[in-house]
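Step one of this worksheet: look at the structure below.
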Amino acid sequence: MRQRRIKNLEERIENLKDHSISEPEAFRGKWDAYFAKKGRGGKPIFLEIGSGKGRFITQMGKENPHCNFIAVEVQPSVWVLAVEKALKEEVDNVAFLNFHMKDVTQLFEKGELDGIYLNFSDPWHKARHAKRRLTHRNFLKKYFEVLKEDGFVRMKTDNDNLFEFTLEEIDDLRKSENMKILGEEVTRNLHGSEYAEGNVMTEYEEKFSNRGKNINHVKITRG
């Protein structure tokens, strides 16, 4: 999706340089130490891949002060909006990365994360682009590498085809790779399900659910 141009982007990025991590790879295996410098060491760490304008991750930070969060976003124009939002709301337990992360193992070591959120990721509609989908088995295997035991991957999408693809990938991984995947939480109508309690909506989620679009949800846990 093409991002709308925002005013004074370069100036706003410069103003946020003290809240930017220019070389996040340097913290691979050291994210707890990063948060410890802020007086927040020894707390669970959760990752959102594709944080957009930051509504979800900022609200998660506010509601869970006992946790730390890392938000990765490749688009500078929306990364700026997310950081500005968190600063305005005085949320200090989220690290925002403007970074093109091709593989979670670029930034995280084995067992470093407690959970991963995938909210309304690009569905990559064409079959030849299936390997780019963030729930392709190649990505799922990498997620499980960096998750702690009992860590989870939670995915929400309005795209029904991507959701069915994701469920198939999970099932195939369990069978072919002998991955120990504990219980699944699956629903094709998140807001009308038992999993709705405590759900934090993204901007995109609110927009499309208000139009009557169902929101799919799956959560898998590493055994």
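The values are calculated or read from the model by the stated rules, or taken from the named source; none is laboratory data. Computed from a predicted structure; not experimentally measured. Neighbour counts are summed over all protein chains in view; Cβ atoms, including those assigned to glycine, are modelled from backbone coordinates with ideal geometry.
Here are a few things to note about the model shown:
- Cβ-Cβ under 7 Å pairs, at least 6 apart or on other chains, the stretch 198-220 side β-branched (Val, Ile, Thr), far side assigned to a loop (DSSP other than H, G, I, E, B) and surrounded by fewer than 15 Cβ atoms within 10 Å (Cβ to Cβ): 218/184; 220/184
- Residue match in the stretch 65-79 (condition: modelled with pLDDT under 95, under 22 Å from residue 201 (Cβ atoms) and touching a Lys or Arg at 6+ places or on another chain (Cβ under 6 Å)): yes
- Selection from the stretch 76-104 of residues that are hydrophobic (A, V, I, L, M, F, W, C), more than 15 Å from the chain's Cα centre (by Cα) and in a helix (DSSP H, G or I): 80, 81, 83, 86, 87
- The set of residues in the stretch 47-103 being within 21 Å of residue 14 (Cβ to Cβ) and in contact with a Pro (Cβ under 7 Å, 6 or more places away or on another chain) consists of 97, 98, 99.
- Unique residue being surrounded by 13 or more Cβ atoms within 10 Å (Cβ to Cβ), within 21 Å of residue 119 (Cα to Cα) and in contact with a Phe, Trp or Tyr (Cβ under 7 Å, 6 or more places away or on another chain) when the list is 68, 64: 68
- Pairing each residue of the stretch 83-106 that is within 16 Å of residue 34 (Cα to Cα) and outside the structural domain of residue 55 (by the TED database) with any residue that is surrounded by fewer than 18 Cβ atoms within 10 Å (Cβ to Cβ) and of a type in the set (Val, Ile, Thr), provided the two are 6+ apart or on different chains, yields no C-beta distance under 6 Å.
- Matching residues in the stretch 142-187 - criterion: being basic (Lys, Arg) and within 20 Å of residue 121 (Cβ to Cβ): 142, 154, 156
- Residues that are surrounded by 12 or more Cβ atoms within 10 Å (Cβ to Cβ) and either in contact with a Cys (Cβ under 8 Å, 6 or more places away or on another chain) or not small (Gly, Ala, Ser) (or both) within the stretch 183-198 comprise 184, 185, 186, 187, 188, 189, 190, 191, 195, listed in sequence order.
- For the stretch 22-52, the set of residues classified as assigned to a loop (DSSP other than H, G, I, E, B) and either polar (S, T, N, Q) or in contact with a Leu (Cβ under 6 Å, 6 or more places away or on another chain) (or both) consists of 22, 28, 51, listed by residue number.
- Any hit, the stretch 53-62, residues being within 13 Å of the chain's Cα centre (by Cα) and part of a loop (DSSP other than H, G, I, E, B): yes
- Whichever residue in the stretch 197-223 is within 18 Å of the chain's Cα centre (by Cα) and part of a loop (DSSP other than H, G, I, E, B) and, among such residues, is farthest from residue 61 (Cα to Cα): 215
- Candidate set: the stretch 151-172, residues that are in contact with a Lys or Arg (Cβ under 9 Å, 6 or more places away or on another chain) and part of a helix (DSSP H, G or I); chosen: the one modelled with the lowest pLDDT: 172
- Among the candidates 142, 148, 110, 131, residue that is in contact (Cβ under 8 Å) with a residue 12 or more places away in the chain, in a helix (DSSP H, G or I) and either buried (at least 18 other Cβ atoms within 10 Å of the Cβ) or not hydrophobic (A, V, I, L, M, F, W, C) (or both): 142
- Unmet requirement for residue 175, which otherwise passes all of (1) surrounded by 12 or more Cβ atoms within 10 Å (Cβ to Cβ); (2) in a helix (DSSP H, G or I); (3) modelled with pLDDT under 95; (4) over 20 Å from the mean Cα position of the chain (by Cα): (1)
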